[in-house]
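The block underneath contains the structure these notes are about, expressed in structure tokens.
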Amino acid sequence: MQFLRPANSSDVIRALLLGFAAVAPLLAIALIHRNVWLALVPLFVSHLLMLWATLVPNCQWWGPVFTRFKTGEREVWLTLDDGPSPAHTLKILDLLKQFDAKATFFVIGANAEKYPHLVTEILTRGHTLANHTWSHPSGTFWCAGPARTHCQIDRCAKTLRTIPERPALYFRAPAGLKNMFVHPALARRGMALVGWTVRGLDTVKRDPVAVAERIEKAIAPGAIVLLHEGHHAESRPDFNPRCLELILQRLSARGYRFVLPLPEQLVCSRGL
Ligand SMILES: [Zn+2]
């Protein structure tokens, strides 16, 4: 299993970011006797650049983020985040079967541990699993240190390996907000960071048609499509499955198939 290593521009940018972060305090000290405000400039710029690399989903500055795959066919990769969910996973699996579609479920480790039968069902029906952290700390993962980053990846990975014996190659950070420790951690574990080409914003939008339209507008062969499950489960239990159903209907009508790309097909570029 081999990932196509993208051009090493990410490595150069990462080194420049970290180098500037190391030099910025020295510049500030050198400038502070001239002007306090001027001394703050290198610190401000350094922090701003690091925040951009962290908080802009699919930004490649900390390292490669796969955002589409190479194909000559009308094929897309459906990715479903935040499950498994007792409210949605089985409905979603039935919809996928109805459209002869395959998908990758980026599951939260704690949910996988709680609902192992759903994880087994996902695998039994020919779909794949990927790592979406242990507890999905979307408000704090972006600023997590190395120990917490490793723990979030490893605890989820351990759960996925036990039920049943299959490694998850791919990782997606909560809300796509990856910190600077994610890439080294994934590289050591032979894993890769996956972003998306287009997301439906189905955790924000309230109308399934608007979600489907947003995805349909941006769709192209090789797109990675991001959707969610387990949201609004009590207030609007049909919302997540309905979004998926509309996307399956509309893209199928345009001749698209829903496939699981090989690791060597994945490529990096900015998504939406
Ligand atoms: Zn998520």
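Do we have Ala130 as more than 19 Å from the chain's Cα centre (by Cα), modelled with pLDDT of 95 or more and not polar (S, T, N, Q) here? No, not satisfied.
Total residues in segment 85-134 satisfying the condition of being small (Gly, Ala, Ser) and touching a Gly at 6+ places or on another chain (Cβ under 7 Å): the figure is 2. Note on segment 79-99: among residues that are within 15 Å of the ligand (Cβ to nearest atom) and of a type outside the set (Val, Ile, Thr), the one that is farthest from Thr133 (Cα to Cα) is His88.
The residues of segment 163-213 that are more than 14 Å from the ligand (Cβ to nearest atom) and under 21 Å from Leu17 (Cβ atoms), listed by number, are Asn179, Met180, Phe181, Val182, His183, Pro184, Ala185, Leu186, Ala187, Arg188, Ala192. A single entry from Pro208, Pro241, Pro167 fulfils the requirement of being surrounded by 16 or more Cβ atoms within 10 Å (Cβ to Cβ), of a type outside the set (D, E, K, R) and either touching a Gly at 6+ places or on another chain (Cβ under 6 Å) or free of Cβ contacts under 8 Å to residues at least 40 places away in the same chain (or both): Pro208.
Only one of the listed residues (Trp37, Trp77) is not assigned by TED's automatic domain parsing to the domain that holds Leu248 and not hydroxyl-bearing (Ser, Thr, Tyr). That residue is Trp37.
Selection of segment 156-174 for residues being at pLDDT below 95 and over 22 Å from Leu262 (Cα atoms) yields Lys158, Thr159, Thr162, Ile163. Restricting attention to segment 184-206, the residues that are more than 14 Å from Leu227 (Cβ to Cβ) and out of contact with any strand residue (DSSP E or B) (no Cβ under 7 Å at 6 or more places or on another chain) add up to 7.
Of the residues making up segment 223-272, those that are among the acidic types (Asp, Glu) and touching a helix residue (DSSP H, G or I) at 6+ places or on another chain (Cβ under 8 Å) are Glu229, Glu245.
The values are calculated or read from the model by the stated rules, or taken from the named source; none is laboratory data. These numbers were taken from a predicted model, which means no experiment stands behind them. No Cβ is skipped: glycine too gets one built from the backbone with ideal geometry, and neighbour counts run over all protein chains shown.
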